[in-house]
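Down below is the structure, laid out as structure tokens.
None of the figures in this text is laboratory data; all of them are computed from the coordinates on show. Owing to the predicted nature of the structure, the values given are computational and were not obtained by experimental measurement. Positions of Cβ are generated from backbone atoms using ideal geometry, with glycine treated the same way; all protein chains shown enter the neighbour counts.
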Protein chains: 2
Amino acid sequence: MGQIGEIVKNKQVILKNFVRGFPKESDLLISSENSINLKVPEGSNGVLLKNLYLSCDPYMRSLMSEPVDIAGLFPSYVPSSPIGGYGVSKVVDSEHPKFKKGDLVWGTTGWEEYSLNTSTDSLFKIDHTDVPLSYYTGILGMPGITAYAGFYKICNPEEGEKVFISAASGAVGQLVGQFAKLMGCYVVGTAGSKEKVDLLKEKFGFDEAFNYKEEADLDKALKRYFPEGIDIYFENVGGKMLDAVLLNMRIRGRIAVCGMISQYNLEKPEGVENLMNINYKRIKMEGFIFLDYLPEYPKFLDTVLPLIREAKITYIEDTVEGLESGPAALVGLFSGLNVGKQVVVVAHE
Amino acid sequence: MGQIGEIVKNKQVILKNFVRGFPKESDLLISSENSINLKVPEGSNGVLLKNLYLSCDPYMRSLMSEPVDIAGLFPSYVPSSPIGGYGVSKVVDSEHPKFKKGDLVWGTTGWEEYSLNTSTDSLFKIDHTDVPLSYYTGILGMPGITAYAGFYKICNPEEGEKVFISAASGAVGQLVGQFAKLMGCYVVGTAGSKEKVDLLKEKFGFDEAFNYKEEADLDKALKRYFPEGIDIYFENVGGKMLDAVLLNMRIRGRIAVCGMISQYNLEKPEGVENLMNINYKRIKMEGFIFLDYLPEYPKFLDTVLPLIREAKITYIEDTVEGLESGPAALVGLFSGLNVGKQVVVVAHE
């Protein structure tokens, strides 16, 4: 098997060892040792991808840990091997009928210059290129469907409802807030710096925003912005924020659990004490992942592409250049260094 | 206002002071000091009730605490005044067109021999008396609708699913387990004594049952009974049990939050650490209260009455005689002294 094509050097981002606690840039290393054949093995049904944009996402933290005895959504990374995630790539060679050389795709790929993908179920052809290609790592990719499904499907929002979003300037939060504003909700976001808070109010049109790091008492902060309580909480952080939110939820409130980034690097998660509120306030708290909503991707595009083109929705990316910048960008997510969606540019075309 | 009718002594159960922590029998006292006019004031739209059976329910604990700044479902009890709850009563006099002398009713009433009720929205006429009258404090009253709504409406159960129930021999749990068995589910319950565990298996037909007090590691116990995980958890206790259950929930599992009795007497609730499972397992955790399902009461009766008559469902009560036995019975709930639904018989007719 395999014909001989052009063999090129293939720079990669490698996981050194399984990570415990807070990940460090030095947990990852850049390797230039490997090469790759740019020709897909005949009959393999695979594609050979040139990776253009790589997406830094919080869920990737869990894949850096030693796998535990639970069925995770994705397999853990393998020490001494390249990590992977979502990205935008160009098809260099294809043995798959759905893809041809020159096609642009988004989906799962490796953190490397070129990837051979022989399981193309999670690759999606990009048909609309009048918007920035990098958007397919964010607003038009996994974070976009996540925001869409979480807000419209899990939260069942209604006009005029009071919406609170944590990690609100992130890849998902900034979209949820704008969806909520388009629906006529009152929207408050929280983030971890003045720059992000300004962005929420000035760029994304949130009604209010606050820096959680400056609030000694999160319960009091929430009561200030939600004197009548919260109808919808879009949960990205968990822990103490969730505990304070539970105290401020209204009857029949909904909590969409998208992520709990504040807990990912703790050896032992924080205990959440106010769950009794779920009972007597009849709160629905529901976890979801975008994979369950992929069949709705075409409908999602029909909704969001016009909003982007008509500038009714805006999207902020935090871009670094070069695979070498990848480890710092990825690790930076967990201290909130990114402002907006964190993207690594491997190649522009 | 008010005509003169027969004036009789009216024994009452009085809350001495607001309770903190675990309630004691001595937090309540029996008073024989009051009298009551058995004639309802004309034009008051009220009814005069002779109380027959009083229901001991865990939610009553929260009404014994000093009210906090949240909208509770029911007003807190007032120190030096009689407590109240659900009960079965006989109408002694009525100024309300819906009720006439001699009618049997269930609904909210006082812990006393006779109660004047001038707000009859939460009184329901009892039409079926071929079943024990006390059942209207349990299987045919608030706990019954609670079990019905929680299981069928919140859990969306399907045949063959794996169901776990805590406080499983209690007023609600014993019914949920039997509903689940009727639907063809695999049902495991937990309770706090051998007697209760035996009841679950031998009387209520649970597939398995265990005494949580004998398990050093609840996670391990659950893995023993649910090697493939739990689809539905009917939550009555909260705290450590919930934490262990979260580790054992299956993808798209459902948790109906009916109560969290293990937390009611703590000054500070236990922290629940495993909430991240909600996210990646796409768990729905939803609180509910029976009040939201009262419009379905007639449909509920149509379902449950035939099951009782055909002995397809059974119901165990723990009955004490006399209002004087009320305080010990009520307080006993919180140490699990009751075996089955705890009822206080004030009068047999």
Inter-chain shielding metric for A:229-236, i.e. average beta-carbon neighbours from other chains within 10 angstrom, reads 1
Restricting to Cα pairs under 8 Å and 6 or more apart, the percent relative contact order of chain B works out to 18
Per-residue average of other protein chain Cβ atoms inside 10 Å, peptide A:252-259 -> 3
Among the Cα-Cα pairs of the range A:112-213, the proportion with separation greater than 21 Å, in percent, is 43
Cα extents of chain A per principal axis, largest first, Å, are 68, 44, 35
For the axis mapping A onto B, the chain A residue whose beta carbon sits nearest, plus its rounded distance in angstrom, comes out as A:271, 1
Computed Rg/Rh for the range A:99-152 (Cα atoms; Rh = Kirkwood radius) stands at 0.99
So, with points 7 Å from each Cα along the Cβ direction, the residue B:217-residue B:130 label distance in nm works out to 5.3
Hydrophobic long helices for chain B, i.e. whole DSSP H runs reaching 24 angstrom or more by Cα along the axis with Kyte-Doolittle mean at least -0.5, come out as none
With the range A:260-349 reduced to its Cα atoms and the Debye formula applied, log10 I(q)/I(0) at q = 0.12, 0.15, 0.19, 0.24 1/Å amounts to -0.72, -1.01, -1.15, -1.14
Sorting from shortest, the nanometre distances separating the label point of residue A:205 (7 Å past Cα along the line to Cβ) from those of the same residue in the other copies are 5.7
The range B:142-291: spread of alpha-carbon positions along the three principal axes, whole Å, largest first, is 35, 34, 30
Normalised per residue, the volume inside the convex hull of the alpha-carbon atoms of the protein assembly as shown in Å³ amounts to 176
Descending packing, highest mean Cβ count within 10 Å first, for A:61-67, A:82-88, B:48-54 is B:48-54, A:82-88, A:61-67
The residues A:258, A:185, sorted from fewest to most surrounding Cβ atoms within 10 Å, come out as A:185, A:258
Summing -39500 (n - 2.57) over every DSSP H run of at least 4 in the protein assembly as shown, dividing by its residue total and rounding to the nearest 500, the 222 nm mean residue ellipticity is -5500 deg cm²/dmol
Given B:226-232, B:301-307, the highest-first ranking by average Cβ count within 10 Å works out to B:226-232, B:301-307
Counted neighbours (other Cβ, 10 Å), sorted fewest up, put A:60, B:260 in the order A:60, B:260
Expected integer from the mean partner chain Cβ neighbour count at 10 Å over B:281-293 is 6
With a ≥ b ≥ c from the Cα gyration tensor eigenvalues, square-rooted, and the rule rounded for a/c under 1.5, otherwise prolate when a/b > b/c and oblate otherwise, the range A:1-145 is oblate
log10 I(q)/I(0) for the range B:61-143, Debye formula on C-alpha points only (no solvent), q = 0.16 Å⁻¹, two decimals, reads -0.69
Taking the convex hull of the alpha-carbon atoms of the range B:13-87 and averaging its shadow over every direction gives an area in square nanometres of 6.5
Listing B:314, B:190, B:146, A:118 by rising number of other beta-carbon atoms within 10 angstrom, fewest first, gives A:118, B:314, B:146, B:190
